[in-house]
Amino acid sequence: MIKHSLIIVTLNHQKNQSKKMKFSTIKLALFFIGTSSIVSAQTMSFEEYNPKSTLVVPGKIIKKAKFPFIDVHGHQYRMPTQDLTPVITAMDTLNMGIMVNLSGRSGNDLIKSVKNIKDNYPNRFVVFANIRFHNNVGKPGWIEATVKQLEVDVKNGARGLKVYKGLGLSNKDYKGNRVAVDDVRLDPIWKKCGELGIPVLIHSADPKSFWDPFDGDNERWLELKTRPRRKRSATNPAPWEQIMNEQKNMFKKHAKTTFISAHMAWLSNDLGKLGRLLDEVPNMNVGIGAIIAELGRQPRFAKQFFIKYQNRILFGKDSWKPKEFPTYFRVLESNDEYFPYHKKYHAFWPMYGLDLPDDVLKKVYYKNALRIVPGLDKTLFPN
């Protein structure tokens, strides 16, 4: 009888111990799961961290510009053959009066684009001509033929010349050497533009951060991480400051030619320096394509800048993505606070509106472009 009792007690004890072990195992598993979640949250990558703001402030998305505007930095690469109706539909939704297609190319392509415009929407688009510099600069007879072709392109309807960033970066002369933006062999082109009365819209270099060290101090870290081909060494193919100085030298040398430096000459993050540059180079103007995020984080200083240099700034978007235009309208027109930008890799900071006066808005939106780009239909815009 005693033996049986001992066996029963022992079995019960073993069962209780087993239950305790199972319970402890479950608690331990739950602990590790909870700890794992905490650790996972603490090691979240910068790309993943995108919290929703809890701030509640007045403001609203502006889907249509207050005044009709001219986009001086548009790209429609298929214009020789494309159906322009969908583009017009989107333009009307945005209140875009005229798009300047900077990708007009030259020769027959340009002729086809101009014909497409005239046959369908003759007062809503214009094209700029382009020049192929790569492997051509310095060839015997090339500069003479290029200047002559530019004259023909303008006669065929080109309203300006667009120079891509390859000049100063990737373009080589016929001997394989980098072609500087202010290469003296190109002087006849800029001089001819002045004689023809057409502007030169030029994109030189890229944001300076692309030349800076790729580390935690680089504001473009996320962009460079997700798009690593944009990263350059400090001297690839030349220092950033050198390339932008070449642009300035070219502007100053050709004072009778009107220039538009795309992307605010990559100085929208240093408007004081840009203002001094504009003071030094009176034939220089700037477009705001792809740099609205810089303006939207300094609303008071940027507003002062726009008021002071209101005759030198032109609206331009660069990439044709209609859904992104409202960010531009809201930054320029509203006094809204702390609203999101449309590309985190460009700007991880919120935007604030500049609340520009109507007379300044009109100049940025259309009056400056009407003055600088020849042959635009002024009847599409208010006085």
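Taken together, the values in this text are just the output of simple stated rules run on the coordinates, not laboratory data. What you see is a predicted model, and the numbers here were worked out from it, not measured in a lab. Here the Cβ positions follow ideal geometry from the backbone for every residue, glycine too, while neighbour counts run over all protein chains shown.
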How large is the helix-only mean residue ellipticity at 222 nm for the chain, computed as the sum of -39500 (n - 2.57) over DSSP H runs with n ≥ 4, divided by its residue count, in deg cm²/dmol to the nearest 500? -12500 deg cm²/dmol
Answer in debye to the nearest 20: the dipole magnitude of the chain about its Cα centre, from +1 Lys/Arg and -1 Asp/Glu charges placed on Cβ, is 1060
Using the Cα gyration tensor of the range 242-383, with a ≥ b ≥ c the square roots of its eigenvalues, what is the shape: rounded (a/c below 1.5), prolate (a/b larger than b/c) or oblate (neither)? oblate
Given a Förster distance of 45 Å, the FRET efficiency implied by the Cβ-Cβ spacing of Ala90 and Lys191, rounded to the nearest 0.05, works out to 0.75
What aspartates and glutamates sit close enough to Lys252 to cross-link, taking a C-alpha to C-alpha distance under 20 Å and skipping anything fewer than 8 places away on the same chain? Asp182, Asp183, Asp187, Glu195, Glu241, Asp279, Glu280
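Could you work out the Kirkwood radius for the range 119-209, taking every pair of different alpha carbons, averaging 1/r and inverting it, reported in Å?
It is 14.1 Å.
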Cross-link list Lys253/Lys363; Lys225/Lys343; Lys165/Lys231; Lys192/Lys253; Lys225/Lys323: which exceed 23 angstrom alpha carbon to alpha carbon? Lys253/Lys363; Lys225/Lys323
Would you give the gap between the C-alpha center of the range 182-238 and the C-alpha center of the range 332-380, rounded to a whole Å? 23
Please give, to one decimal in nm, the separation of the simple spin-label points placed at Tyr345 and Lys118, each 7 Å out from Cα toward the Cβ. 4.2
First check a/c for the range 300-355, with a ≥ b ≥ c the square roots of the eigenvalues of its C-alpha gyration tensor; if it is under 1.5, answer rounded, and if not, answer prolate when a/b is larger than b/c or oblate otherwise. oblate
Grab the alpha carbons of the range 69-380, take their convex hull, and tell me the volume per residue in Å³. 129
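When ranked by the protection proxy of mean other Cβ atoms within 10 Å per residue, highest first, what sequence do the peptides 182-190, 115-123, 310-318 form?
Numbers: 182-190: 16.8, 115-123: 14.2, 310-318: 22.0.
The packing order, highest mean first, is 310-318, 182-190, 115-123.
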Say each of Asn249 and Arg371 gets a label point 7 Å from the Cα, pointing the same way as Cα to Cβ; how far apart are those two points in nm? 3.0
If you take the square roots of the eigenvalues of the alpha-carbon gyration tensor of the range 261-309 and sort them as a ≥ b ≥ c, do you get rounded (a/c under 1.5), prolate (a/b over b/c) or oblate? oblate
